[in-house]
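Notes for the one structure printed next.
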């Protein structure tokens, strides 16, 4: 336009003004791309723990070598932090190295997140021509597992039947760990006879052993409500954050020591069960099940005890105890002879989590007083309630339950 | 909770520093061209500056739009109207300002606002912009040479320019698209 005006108007100075535009146009046209690009995308790890990050990698195949710059915009949902910010990145295709663009993706909260789709735009010289990816760059699912903390329970196990695990039972029975040498009783195996002691004393003595103990733990997770403010792994925690992270930590601990752990998740979509098993793979399955907990369903808590709980299992119930129904369920289970420990997962600062709503703070203080009474009554019914404070929270409760069980087992029948 | 999430979203949507620089160049470079025009003419036309500033601001907000053409047209018309000296060296400065405007506008369409530019990209665009300014300076030399000789009535300059423009337009129209792109 400028050059035309210069020529037609006989104004050579306008040619000077037109020179950069003409130059850029000729430059762009000379380096016009003639072949379409191919973009490949890959994600480093489809499963992460809270706070972990992976890399979303875009690589571009430019057979004509005419694309200069590439820009990517990856759609990131809530609880996913991208680096660079907003999932947007740009790079030169040739002068920035190996035609690869990496975007860091960090998950800050448990759950299944849908990351993507991505849009890729490539530009030729002077942005004269642009190529936009139309399809093939689909969204991917990123499963984020609750972050577990190493749970350091040092208390011994509660008496339960079974003879497989690595825990020493409070009972003496067939096992591998030496307990004492005692006089022979009818029913003792002959291979247990301690011959030197028997010859010295003139009466038959046998070596007794502690029974090896298999602990069957059922984690009963209540995910009906998500109370409080969640800021992911880096900030304040909601009740469901606490519940799932505590459940993961407890499961990891029991599985590490060789126990079998079952999982029952109650949420507003129904009941999700994972049968009892052991090992690290089971921990992975368990965390995956936990991470799919969804409090946004339409079902309500009826207070019923889920069926199929192993009769001899130690039931660890994790709940914010927002309504009396949860403790009623625990009391019912205890009344049926099960060992029940309730882990209270209500955030300790719940009354301060609503600074803009003073009524909410007052309401939670009133509810806290009611909860204290309910917890006291549950304790009288034999249900231990412990507030989750991280590793070691259950130690005191497990010790008490073990001593009670030992007393019961030694009581003459 | 909603407020904090909004704040986090705002943090994520902060434009990159390179974007801020490009937007600043898009606004400032046409105003610089207007200023140079005033220096070349020895007088100022304020309404044009206001118009160019407004259009440049629109370009900064919508770099993908056609407001850039209006900005260049406004600067060129002002130059045409008030600058009488046809071989003034100020034309190089005006061309440099327009080059910066063109490059910044094109660069702003490359990537999302929040995408930071790499050092290599910045260097390449700066190098290429400088090359265009050098081309403008070369053009000015040609203009000076052809307009300061007695034999020059413009034919030696405008006839080849007209031919080059026609051939260039025909050639460029055949190469208007990227296969599979736009």
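Here are the numbers:
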{"read-out": "For the range A:216-410: relative contact order, % (alpha-carbon pairs under 8 angstrom, 6 or more apart)", "value": "22"}
{"read-out": "Extension gain (nm, one decimal) between residue A:132 and residue A:359, 0.36 nm per residue minus Cα-Cα", "value": "76.5 nm"}
{"read-out": "Relative contact order (%) - criterion: Cα under 8 Å, at least six apart; region: chain A", "value": "13"}
{"read-out": "Exercise: per-residue mean of other protein chain Cβ atoms within 10 Å, A:27-33", "value": "4"}
{"read-out": "Exposure proxy ranking, count of Cβ atoms within 10 Å, fewest first, for B:29, A:393", "value": "A:393, B:29"}
{"read-out": "Cα gyration tensor category, rounded, prolate or oblate, for the range A:38-145 with a/c compared to 1.5", "value": "prolate"}
{"read-out": "Computed lengthening from residue A:300 to residue A:141, 0.36 nm per intervening residue step minus Cα-Cα distance", "value": "54.4 nm"}
{"read-out": "Residue among A:85, A:330, A:118 with the largest mean-square fluctuation in a Gaussian network model of chain A, springs linking Cα atoms under 10 Å", "value": "A:85"}
{"read-out": "Exercise: per-residue mean of other protein chain Cβ atoms within 10 Å, B:136-143", "value": "5"}
{"read-out": "DSSP beta bridge pairing in the range A:216-410, given as percent antiparallel to the nearest 5", "value": "20"}
{"read-out": "For chain A: rounded, prolate or oblate by the Cα gyration tensor [a/c cutoff 1.5]", "value": "prolate"}
{"read-out": "B:141, A:115 arranged by Cβ crowding within 10 Å, fewest neighbours leading", "value": "B:141, A:115"}
{"read-out": "Helix-only [θ]222 nm of chain A, DSSP H runs n ≥ 4, -39500 (n - 2.57) each, per residue, nearest 500", "value": "-9000 deg cm²/dmol"}
{"read-out": "Computed E for residue A:292/residue A:336 - FRET, C-beta separation, R0 25 angstrom, nearest 0.05", "value": "0.30"}
{"read-out": "Extension gain, residue A:42 back to residue A:387 (0.36 nm per residue minus Cα-Cα distance, nm)", "value": "120.0 nm"}
{"read-out": "Relative contact order [Cα under 8 Å, 6+ residues apart], the range A:38-145, whole percent", "value": "33"}
{"read-out": "Prolate/oblate/rounded call for the range A:278-327, Cα gyration tensor, a/c under 1.5 rounded", "value": "oblate"}
{"read-out": "Fraction of beta bridges assigned by DSSP in chain A that are antiparallel (%, nearest 5)", "value": "65"}
{"read-out": "Likely footprinting exposure, A:180, B:136, fewest C-beta neighbours within 10 Å first", "value": "A:180, B:136"}
{"read-out": "Two-site label geometry, residue B:66 and residue A:201: point separation in nm, points 7 Å out along Cα→Cβ", "value": "10.8"}
{"read-out": "Efficiency of FRET between residue A:395 and residue A:373 - r from beta-carbon atoms, R0 25 angstrom, step 0.05", "value": "0.50"}
{"read-out": "Gaussian network model of chain A, springs between alpha carbon atoms under 10 Å - residue of A:235, A:223, A:303 with greatest fluctuation", "value": "A:235"}
{"read-out": "Simple spin-label estimate for residue B:147 and residue A:1 in nanometres, 7 Å along Cα-Cβ", "value": "2.2"}
{"read-out": "Degrees separating the helix A:12-30 axis from the principal Cα axis of chain A, which is the longest one", "value": "50"}
{"read-out": "Label-to-label distance, nm, for residues given as residue A:189 and residue A:256 (7 Å Cα→Cβ offset)", "value": "3.3"}
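Here, each number is a calculation from the coordinates, and none is a lab measurement. On a predicted model such as this, the values are computed, not experimentally measured, just so you know. Note that each Cβ is placed from the backbone with ideal geometry, even for glycine, and that neighbours are counted across all protein chains shown.
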